[in-house]
Amino acid sequence: MSVTAIVGANWGDEGKGKITDYLAGQSDIVVRFQGGNNAGHTVINDFGKFALHLIPSGIFYANVVNLLGPGVAVNIPAFLKELQELIDREVPKPNVLISDRAQIVLPYHIKLDEYEEERLKDKKFGSTKSGIAPFYSDKYLKIGVQISDLYDEKRLRARLENSLTKKNILCKHLYNKPEWSANDILPGLLEDASRIKPYLCDSNSVLQKALAENKNILVEGQLGALRDPDHGIYPYPTSSSPLAGFASVSAGVPPYTIKRIIAVAKAYSSCVGTGPFVTELSGEEANELRERGGSDGEYGATTGRPRRMGWFDAVATKYGCLVQGATEVALSLLDVLGYLKEIPVCVAYEIDGEKTENFPVPLKLDKSKPVYEKLPGWECDISKMRKYNELPENAKRYVEYIEKSINAPIKLISVGPEREAIIMKE
Ligand code: GDP
Ligand code: MG
């Protein structure tokens with residue numbers, strides 16, 4: 001029995017969707033274990049180009065079960081819309097299940113997310129406004145709604161009324177916005193309930209059975225290590241843990257079954273939303289990297305927002321791999337750097353005149369200045385190369401330099417956004 005985790009080593013958008021789509025071909029089940037439709041995982045394969053938000057990136061294989069685990073924030077209308085789009089674009093037999101223990105994003109979660117960003121004005125977090133922070137707050141306040149609650153109207157109404165007693169105080173007195181009543185929401189939820197029913201399952205039974213039958217399971221994380229609420233850049237993390245360790249709890253597989261942890265690290269840095277970002281570039285340098293990056297420039301797959309850009313940060317990525325417990329690394333987007341004569345890599349931070357290679361607490365990140373080493377570029381297109389030995393010497397030198405500086409073995413190298421643009425490095 002074996003579970004492989006595919007998780008981010010950085011701030012998110014490392015190309016996890018692409019790597020999951022590639023590796024799902026050898027898997028039986030792919031599980032999304034946290035986050036919601038604030039995720040944007042880009043997949044490019046024979047069926048076209050897709051931005052997946054809630055649906056796991058194994059959806060392009062009809063024989064792979066794609067499961068939304070109990071820890072996912074399920075926005076039912078968004079899920080149904082995403083699934084319909086896949087069907088409309090002729091993805092054959094999308095095979096998807098949702099845990100009946102997962103909780104749902106409610107209409108007021110989305111509104112409260114918007115209201116809070118509006119209230120914070122220039123101090124806002126840069127939320128995707130999908131309701132994710134209010135959703136997880138409610139879950140841990142024990143006022144959330146599980147999918148299975150949708151099938152008992154009396155219980156559902158009582159839970160909504162209890163929750164809205166608190167929400168309406170915020171709506172009225174803090175945000176100066178209209179109040180909600182359970183009657184406003186109930187009819188829509190009951191309709192959602194009937195539409196979502198065919199996809200529900202007891203995810204523990206599905207996963208236990210798969211493990212007993214020695215099936216291959218992939219767990220796919222959203223965002224990256226530096227957005228973890230405990231280990232990341234608090235107060236700018238996401239609201240659920242994107243760490244491989246959390247997949248055990250949040251998908252529902254025993255911790256000792258997760259044998260392989262692939263941390264996806266980007267060959268340069270990008271970051272969406274607010275928060276400290278030590279290697280951040282500005283001006284032309286940032287614009288050029290942004291336009292050349294990703295599959296079509298570095299713009300948010302969910303929001304279309306321009307991503308903040310920077311050089312590779314070995315301090316942050318080494319830490320990201322460490323907290324992920326990476327057994328190996330997939331280095332993505334290496335092809336993008338082919339335009340550079342010299343490539344800066346951040347090897348240390350200088351904090352109050354002292355150099356450190358250890359990622360500090362968030363308080364010190366604002367004071368951290370990047371210390372760069374410059375590596376020679378390869379100045380050519382490597383996107384058609386499929387073997388490690390075909391890579392120019394300077395590209396190999398860059399990969400091996402990074403491998404050493406993050407203290408984790410790089411086993412996969414991605415050289416283009418398409419499924420097949422992968423190099424195995426042993
Ligand atoms: P995710 O959230 O980790 O799945 O990453 P995103 O899909 O949000 O962002 C990664 C971007 O890089 C997308 O535009 C991908 O299509 C693109 N991409 C992924 N791997 C590669 C690669 O190796 N090279 C290039 N040029 N683009 C890539
Ligand atoms: Mg993304």
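The values are calculated or read from the model by the stated rules, or taken from the named source; none is laboratory data. Every value quoted in this text rests on a predicted model; they were computed, and no experiment measured them. Every residue, glycine as well, gets a Cβ built from its backbone with ideal geometry; the counts of neighbours run over all protein chains shown. Calculation scope for accessible area: heavy atoms of the full protein, side chains included, ligands and nucleic acids excluded. Shrake-Rupley method; radii C 1.70, N 1.55, O 1.52, S 1.80 Å.
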Rolling a 1.4 angstrom probe over the protein chains, ignoring ligands and nucleic acids, what is the accessible area of C346 in square angstrom, nearest 10? 0 Å²
Please report, in whole Å, how far the alpha carbons of region 56-147 spread along each principal axis, starting with the longest. 45, 28, 17
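Based on the Cα coordinates of region 191-342, what is the per residue volume of their convex hull in Å³?
It is 161 Å³ per residue.
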In Å, descending, principal axis extents of the Cα set of region 198-264: 40, 29, 17
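Sorted by accessible area (1.4 Å probe), largest first, how do Y299, Y136, Y175 line up?
My answer, sorted largest first, is Y299, Y175, Y136.
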Evaluate the Debye formula for region 252-332 with equal point scatterers sitting on the alpha carbons, no solvent, and hand back log10 of I(q)/I(0) at q = 0.26, 0.27 Å⁻¹, in q order, two decimals. -1.25, -1.30
Rounded to two decimals, what ratio of Rg to Rh does region 32-94 give with C-alpha atoms and a Kirkwood Rh? 0.93
Find the eigenvalues of the gyration tensor of the Cα atoms of the chain, then list the square roots of 5 times those eigenvalues as equivalent ellipsoid semi-axes, largest first, in whole angstrom. 36, 26, 19
To the nearest 10 Å², what's V96's accessible area with a 1.4 Å probe? 10 Å²
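Do you know the relative contact order of region 1-71, to the nearest whole percent, from alpha carbon pairs under 8 angstrom that are 6+ apart? If you can, show how the numbers build up before the last one.
Values: 110 pairs, mean separation 23.3, N = 71.
Rounded, it is 33 percent for region 1-71.
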Please compute the Kirkwood hydrodynamic radius of region 127-253 from all pairs of different C-alpha atoms, in Å with one decimal. 17.4 Å
I'd like the accessible area for E393, computed on protein heavy atoms only with a 1.4 Å probe and all protein chains in place. Round to 10 Å², please. 130 Å²
Quick one: plug the Kirkwood hydrodynamic radius of region 164-237 (C-alpha pairs) into Stokes-Einstein at 20 °C, 1.002 mPa s, and report D in µm²/s. 124 µm²/s
Could you please put D366, D184, D13, D21 in sequence from largest to smallest accessible area, using a 1.4 Å probe? D366, D184, D13, D21
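If one computes P(r) from the Cα atoms of region 63-220, what percent of pairs lie at distances over 19 Å? Write out the running numbers ahead of the final one.
Working: 7453 of 12403 pairs.
That tail contains 60 percent of the Cα-Cα pairs.
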Over region 340-381, how many percent of alpha carbon pairs lie in each 5 Å bin up to the one with the longest distance? 6, 23, 23, 15, 11, 11, 8, 3, 0
Relative contact order (%) - criterion: Cα under 8 Å, at least six apart; region: the chain: 20 percent
Taking region 349-405, how much of its Cα-Cα pair set, in percent, is spaced more than 12 angstrom apart? 73 percent
Between K166 and L120, how many nm apart are label points set 7 Å from Cα along the C-beta direction? 1.9 nm
Among the listed pairs K259/K411; K318/K364; K139/K215; K49/K93; K81/K123; K49/K129, which are separated by more than 21 Å between their Cα atoms? K139/K215; K81/K123; K49/K129
Are there trypsin sites (Lys or Arg not before Pro) in region 303-336 that DSSP puts in a loop and that have at most 11 other Cβ atoms within 10 Å, and which ones? none
For region 273-410, what number results from the quotient of the Cα radius of gyration and 2.2 N^0.38 Å? 1.08
Hey, which aspartates and glutamates would be in cross-link range of K367, C-alpha to C-alpha under 14 Å, not counting anything within fewer than 8 residues on its own chain? E280, E350, D352, E354
Using 1/(1 + (r/R0)^6) with R0 = 35 angstrom and r between the beta carbons of E400 and T302, what's the FRET efficiency to the nearest 0.05? 0.55
Mean shadow area (nm²) of the C-alpha convex hull around region 154-203 is 4.7 nm²
Under a cut-off of 20 Å between alpha-carbon atoms, report the aspartates and glutamates in cross-link reach of K167, not counting same-chain residues fewer than 8 places apart. D113, E114, E116, E117, E118, D138, D149, E179, D184
Regarding region 102-178, what is the average projected area of its C-alpha convex hull, in nm²? 5.2 nm²
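Computed over the Cα atoms of region 1-132, what is the ratio Rg over Rh, Rh following Kirkwood?
0.99
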Compute the long axis of helix 76-88 from its Cα atoms, compare it with the longest principal axis of the Cα atoms of the chain, and write down the angle in degrees, 0 to 90, nearest 10. 60 degrees
Would you work out what percent of the accessible area of the chain, with all protein chains in place, is carbon or sulfur (probe 1.4 Å)? 49 percent
